[in-house]
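Enquirer: This is the structure I want to talk about, given as structure tokens.
The values are calculated or read from the model by the stated rules, or taken from the named source; none is laboratory data. Nothing here was measured: the structure is a model prediction, and the numbers come from that model. All Cβ positions, glycine included, derive from the backbone under ideal geometry; neighbour counts span all protein chains shown.
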Amino acid sequence: MQSESVASRSADSRNGTGSASSPTIDSVSLAIIEQLQEDGRRPYAAIGKAVGLSEAAVRQRVQKLLEQGVMQIVAVTDPLTVGLRRQAMVGIKVEGDLDHVADALTAMAECEYVVMTAGSFDLMVEIVCEDDDHLLEVINKRIRALPGVRSTESFVYLKLKKQTYMWGTR
């Protein structure tokens with residue numbers, strides 16, 4: 001887990017807007033993304049050899065993909081190794097406008113993932129905390145205190161079996 005990775009998703013998908021103006025990605029760009037997902041530090045020359053382009057052409061394509069928000073290259077850590085020992089997914093039911101609650105959650109450092117959903121919950125939020133006391137404080141004192149939050153249900157992670165960032169190229 002403590003390796004560099006590429007999170008390849010369009011800015012529209014990441015923001016939930018699903019715009020028709022999303023950039024079109026060809027098979028060569030997808031192959032470049034796959035190469036970077038395997039190793040975010042792979043040299044452009046090696047990627048070029050694998051996808052049939054020059055190093056300069058790969059560099060240009062990667063820069064364009066980054067600028068368009070199609071992908072980002074980030075270091076992904078194992079939360080346990082950096083002192084964050086408690087993770088949970090929290091389902092939230094909201095009265096009224098979801099945007100205000102979603103924006104407040106997005107501003108919280110502990111909320112790593114905020115998504116508006118259809119189904120039993122209006123929002124799902126992944127929280128990463130130092131320990132159980134920290135998790136309790138975030139849920140009880142901060143999330144439940146937000147105007148519009150009607151109820152929460154917490155799903156505490158006991159063991160992470162799979163975490164992948166390979167979407168977008170399958």
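Enquirer: Could you say which residue among Val62, Val70 is out of contact with any helix residue (DSSP H, G or I) (no Cβ under 7 Å at 6 or more places or on another chain) and under 30 Å from Ser27 (Cα atoms)? Walk me through how you get there before you give the answer.
Expert: Working: Val62 fails: out of contact with any helix residue (DSSP H, G or I) (no Cβ under 7 Å at 6 or more places or on another chain).
After applying the criteria, what remains is Val70.
Enquirer: Has region 119-133 got at least one residue that is loosely packed, with under 11 Cβ neighbours inside 10 Å, at pLDDT below 95, under 15 Å from the mean Cα position of the chain (by Cα) and not assigned by TED's automatic domain parsing to the domain that holds Asp39?
Expert: No: zero hits.
Enquirer: Same structure, new question: Could you check, for region 33-45, whether at least one of its residues is over 15 Å from the mean Cα position of the chain (by Cα), at pLDDT 95 or above, outside any loop (DSSP other than H, G, I, E, B) and not assigned by TED's automatic domain parsing to the domain that holds Ile143?
Expert: Within region 33-45, one or more residues are over 15 Å from the mean Cα position of the chain (by Cα), at pLDDT 95 or above, outside any loop (DSSP other than H, G, I, E, B) and not assigned by TED's automatic domain parsing to the domain that holds Ile143.
Enquirer: Related question: Among the residues of region 84-92, are any in the same structural domain as Glu34 (by TED's automatic domain parsing) and of a type in the set (S, T, N, Q)? Break it down stepwise before answering.
Expert: Within region 84-92, the subset in the same structural domain as Glu34 (by TED's automatic domain parsing) is none.
No, region 84-92 has no match at all.
Enquirer: So is Val70 in the same structural domain as Ser27 (by TED's automatic domain parsing), of a type in the set (A, V, I, L, M) and within 27 Å of Ser22 (Cβ to Cβ) or not? Give the derivation first.
Expert: Numbers: in the same structural domain as Ser27 (by TED's automatic domain parsing): yes; of a type in the set (A, V, I, L, M): yes; within 27 Å of Ser22 (Cβ to Cβ): yes.
Yes: the conditions hold for Val70.
Enquirer: What number of residues within region 147-158 satisfy the criterion of being more than 19 Å from the chain's Cα centre (by Cα) and either of a type in the set (D, E, K, R) or modelled with pLDDT of 95 or more (or both)? Before you say what the answer is, go through the steps one by one.
Expert: Step one: of region 147-158, the residues more than 19 Å from the chain's Cα centre (by Cα) are 147-154, 158.
Checking the rest, the ones that are also either of a type in the set (D, E, K, R) or modelled with pLDDT of 95 or more (or both) come to 147-154.
Result for region 147-158: 8.
Enquirer: With the requirement that a residue be in a loop (DSSP other than H, G, I, E, B) and at pLDDT 95 or above, what does region 47-73 give you?
Expert: Answer for region 47-73, where residues must be in a loop (DSSP other than H, G, I, E, B) and at pLDDT 95 or above: Gly52, Leu53, Ser54.
Enquirer: Take residues that are touching an Asp or Glu at 6+ places or on another chain (Cβ under 6 Å), hydrophobic (A, V, I, L, M, F, W, C) and more than 29 Å from Ile25 (Cβ to Cβ) and tell me which of the strands (runs of 3 or more DSSP E) falling wholly in region 74-170 contain 1 or more. Outline the logic, then answer.
Expert: Values: elements: 86-94, 111-116, 123-129, 149-156.
Result: 86-94, 123-129.
Enquirer: Looking at (1) modelled with pLDDT of 95 or more; (2) surrounded by 15 or more Cβ atoms within 10 Å (Cβ to Cβ), which is the only condition Lys141 fails?
Expert: So the condition that Lys141 fails would be (2).
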